[in-house]
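Participant: Submitted below is the structure of interest, expressed as structure tokens.
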Amino acid sequence: IEKDLVGDVPEARYGHSIDVVYSRGKSMGVLFGGRSYIPSAQRTTEKWNSLVDCQPHVFLVDFEYGCCTSYILPELQDGLSFHVSIARNDTIYILGGHSLASNIRPANLYRISVDLPLGSPAVSCTVLSGGI
């Protein structure tokens, strides 16, 4: 059944990751990273393909109810595109990627943990410096 998302709906993007986490008998989709086109009214150039990194928000998507909530994690400073993500149970690992804003490919491995209790979800991030 197709549903319209309500809440913090992420903008259109590409180069992002979508994973599913499982915690306490529940599951949720997790969307992170990517790039989007700059709206034409905000462009400083005539190029149609002007890009910007999406904000480094972590979006939790409840597939059952069609709700979406964004989380700002202080450990994620820049948007990342074209990274690799792997999910296992309640944890997502993010490696690599590229940031347009700083033109770097960070060597960090990010561990995002999602806890899904009866109330509000809890999302946290740990930076594992130096990669794997």
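Participant: For region 27-82, what is the relative contact order in percent, using Cα pairs closer than 8 Å and at least 6 residues apart in sequence?
Facilitator: 40 percent
Participant: Still on this structure, please answer the following. Over region 1-62, what is the mean sequence separation of C-alpha contacts under 8 Å (at least six apart), divided by residue count, expressed as relative contact order in percent?
Facilitator: The value is 32 percent.
Participant: Follow-up. Which one, Val84, Val21, Val61, has the greatest fluctuation when you compute a Gaussian network model over the chain with C-alpha springs under 10 angstrom?
Facilitator: In this elastic network of the chain, the residue with the biggest mean-square fluctuation among Val84, Val21, Val61 is Val84.
Participant: Taking a virtual spin label 7 Å from the Cα of Phe63 along the C-beta vector, which residues in region 1-17 bring their backbone nitrogen under 18 Å of it?
Facilitator: Residues passing the 18 Å test: 1-6, 10, 17.
Participant: Can you tell me how region 1-74 classifies by the Cα gyration tensor, rounded, prolate or oblate, using a/c under 1.5 as the rounded cut?
Facilitator: Here region 1-74 falls in the prolate category.
Participant: Mind telling me which of Pro117, Pro39, Pro106 comes out most flexible in a GNM of the chain, alpha-carbon contacts under 10 Å?
Facilitator: Looking only at Pro117, Pro39, Pro106, the biggest GNM fluctuation is shown by Pro39.
Participant: Based only on other Cβ atoms within 10 Å, what is the fewest-to-most ordering of Ser99, Ser50, Ser129?
Facilitator: Ser129, Ser50, Ser99
Participant: Please report the relative contact order for the chain, taking Cα pairs under 8 Å with a sequence separation of at least 6, and give it as a percent rounded to a whole number.
Facilitator: It rounds to 22 percent for the chain.
Participant: Have a look at Gln55, Gln77, Gln42 and tell me which one the Gaussian network model of the chain (Cα, springs below 10 Å) gives the largest fluctuation.
Facilitator: Gln42
Participant: Now, a different point. Over the chain, consider all pairs of different Cα atoms and compute the Kirkwood hydrodynamic radius from their mean reciprocal separation; express it in Å, one decimal.
Facilitator: 15.6 Å
Participant: Which FRET efficiency value, to the nearest 0.05, do you get for Val6 and Thr126 by plugging their Cβ-Cβ distance into 1/(1 + (r/R0)^6) with R0 = 35 Å?
Facilitator: 0.70
No lab work stands behind these numbers, since they all come straight from the coordinates. This one's a predicted model, so the numbers in the text were calculated from it and none came from an experiment. Note that each Cβ is placed from the backbone with ideal geometry, even for glycine, and that neighbours are counted across all protein chains shown.
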